[in-house]
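Reading through the structure tokens given below for one structure.
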Amino acid sequence: MLIYSLEETLWMAAAALAIDRIVGDPERLVHPVVLFGRWIRWAETRMYTESTARHSFLRGLLLCASTTVGAGAAAWCIVSAASVLHPWAGYAVNTWLISTTIAWKGLRDAGVKVYVPLSRGNLPEARTYTGYIVGRDTHSLNEAECARAAVETLAENTVDAVVSPVVFALIGGAPLAFLYRAANTLDSMVGYRNARYEWFGKASARLDDALNYIPARLAGLLLSCAAAFCAGASGLRALRAVAEFAHLHPSPNSGIPESAVAGALGIRLGGVNTYNGVPSRRASMGWGERPLRITDIMRAVSLLEWSGALLTGGLVCAALLVTLLTGA
């Protein structure tokens with residue numbers, strides 16, 4: 001794996017965050033996640049068979065290993081080739097590839113796209129945009145349920161879209177960030193507990209849980225700090241909510257950012273979601289001091305924005321400190 005100094009890594013991670021927030025994902029370029037998805041779907045059709053639990057697990061493990069290792073290796077080859085041309089070309093390519101694993105702007109825009117039609121009273125359009133970001137049934141959601149879905153997505157994906165890619169980029173640059181994003185894509189496509197994926201997708205789901213374990217807890221702290229900059233939000237209340245409610249979520253990680261946002265905003269998240277017509281109850285996150293309103297979507301967006309800004313600023317400060325200490 002390419003070796004960069006701590007100072008270089010911090011600057012590149014900070015620059016990647018800034019690039020994503022400003023540029024986002026250009027529509028004319030094929031996004032790496034799209035390529036991961038195409039590979040996963042192609043490979044699944046050839047690896048999946050109706051078989052015993054053991055054989056299904058082993059086939060799923062092969063899919064998981066080939067996808068994650070392949071993604072990391074591809075990024076390593078691209079950055080290495082650029083570095084051969086010129087060290088600064090390597091820096092630029094590494095930074096840009098890291099930025100493609102971050103979805104700060106995309107997540108922010110997804111929340112706004114749900115809020116705008118709700119603010120105009122256009123519930124059918126809001127349901128459509130809500131359906132783009134959640135797996136639950138959305139055709140019969142009311143305004144409050146669309147708002148809850150959007151806030152929960154903004155909270156949960158603060159980990160996947162912002163914190164986790166940066167954490168792995170700091171450890172291993174674009175190659176490890178790509179490996180993480182591939183694992184996250186696998187989880188979103190095959191990491192379900194149903195008849196088809198219970199065993200075939202188990203390795204992917206467990207790997208995603210493991211990779212997000214530390215970043216999810218960092219995201220909880222980051223969201224709590226961000227609350228200090230958002231009107232009417234409380235960082236202390238966010239931390240208390242994490243301590244009281246996070247463990248009730250079926251995911252070992254998702255309950256942390258969701259309870260942090262619920263606590264910070266003084267609302268309650270969780271409840272009954274419907275998937276393919278089947279209701280599923282999720283534990284409540286937060287005390288619900290007041291009813292959830294559509295404006296809470298923009299307050300959750302504000303928490304996301306401040307979290308990203310604080311993370312970027314923290315990386316820049318750390319890079320400057322390293323520079324000062326090393327006398328560079």
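The values are calculated or read from the model by the stated rules, or taken from the named source; none is laboratory data. Not measured: the values here are computed from a predicted model. Every residue, glycine as well, gets a Cβ built from its backbone with ideal geometry; the counts of neighbours run over all protein chains shown.
Observations
- When LEU97, LEU17, LEU63, LEU10 are checked against the criterion of being assigned to a helix (DSSP H, G or I), over 30 Å from ALA309 (Cβ atoms), touching a helix residue (DSSP H, G or I) at 6+ places or on another chain (Cβ under 8 Å) and at pLDDT 95 or above, a single residue qualifies: LEU63.
- Number of the condition not met by THR45 [criteria: (1) surrounded by 13 or more Cβ atoms within 10 Å (Cβ to Cβ); (2) at pLDDT below 95; (3) of a type in the set (Val, Ile, Thr)]: (1)
- Residue match in segment 31-40 (condition: among the aromatic types (Phe, Trp, Tyr), within 29 Å of VAL316 (Cα to Cα) and either touching a residue at least 40 places away in the same chain (Cβ under 8 Å) or buried (at least 18 other Cβ atoms within 10 Å of the Cβ) (or both)): no
- Residues (closer than 28 Å to PHE229 by Cα and either in contact (Cβ under 8 Å) with a residue 12 or more places away in the chain or surrounded by fewer than 12 Cβ atoms within 10 Å (Cβ to Cβ) (or both)) located in segment 310-328: LEU310, LEU311, THR312, LEU315, VAL316, ALA318, ALA319, VAL322
- From the options VAL166, VAL112, VAL190, residue that is in contact (Cβ under 8 Å) with a residue 40 or more places away in the chain and closer than 14 Å to ILE297 by Cα: VAL112
Results for (1) buried (at least 24 other Cβ atoms within 10 Å of the Cβ); (2) β-branched (Val, Ile, Thr); (3) at pLDDT 95 or above, shown as yes or no for each residue.
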position: SER140; (1), (2), (3): no, no, no
position: THR158; (1), (2), (3): yes, yes, yes
position: VAL167; (1), (2), (3): no, yes, yes
position: TYR197; (1), (2), (3): no, no, no
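- Checking each residue in segment 20-33 for being part of a helix (DSSP H, G or I) and not basic (Lys, Arg) picks out ASP20, ILE22, VAL23, PRO32, VAL33.
- One residue stands out among those in segment 287-309 that are surrounded by 16 or more Cβ atoms within 10 Å (Cβ to Cβ) and among the β-branched types (Val, Ile, Thr): the one that is nearest to the chain's Cα centre (by Cα), which is VAL301.
- Hits in segment 232-256 - residues which are surrounded by fewer than 17 Cβ atoms within 10 Å (Cβ to Cβ) and in contact (Cβ under 8 Å) with a residue 60 or more places away in the chain: GLY232
- Residues satisfying the stated conditions in segment 103-126, i.e. touching a Pro at 6+ places or on another chain (Cβ under 8 Å) and among the acidic types (Asp, Glu): GLU125
- Qualifying residue in segment 294-305 (condition: assigned to a loop (DSSP other than H, G, I, E, B), over 20 Å from LEU236 (Cα atoms) and of a type in the set (S, T, N, Q)): no
- Among residues of segment 257-286 being assigned to a loop (DSSP other than H, G, I, E, B) and surrounded by fewer than 16 Cβ atoms within 10 Å (Cβ to Cβ), the one that is nearest to the chain's Cα centre (by Cα) is ASN276.
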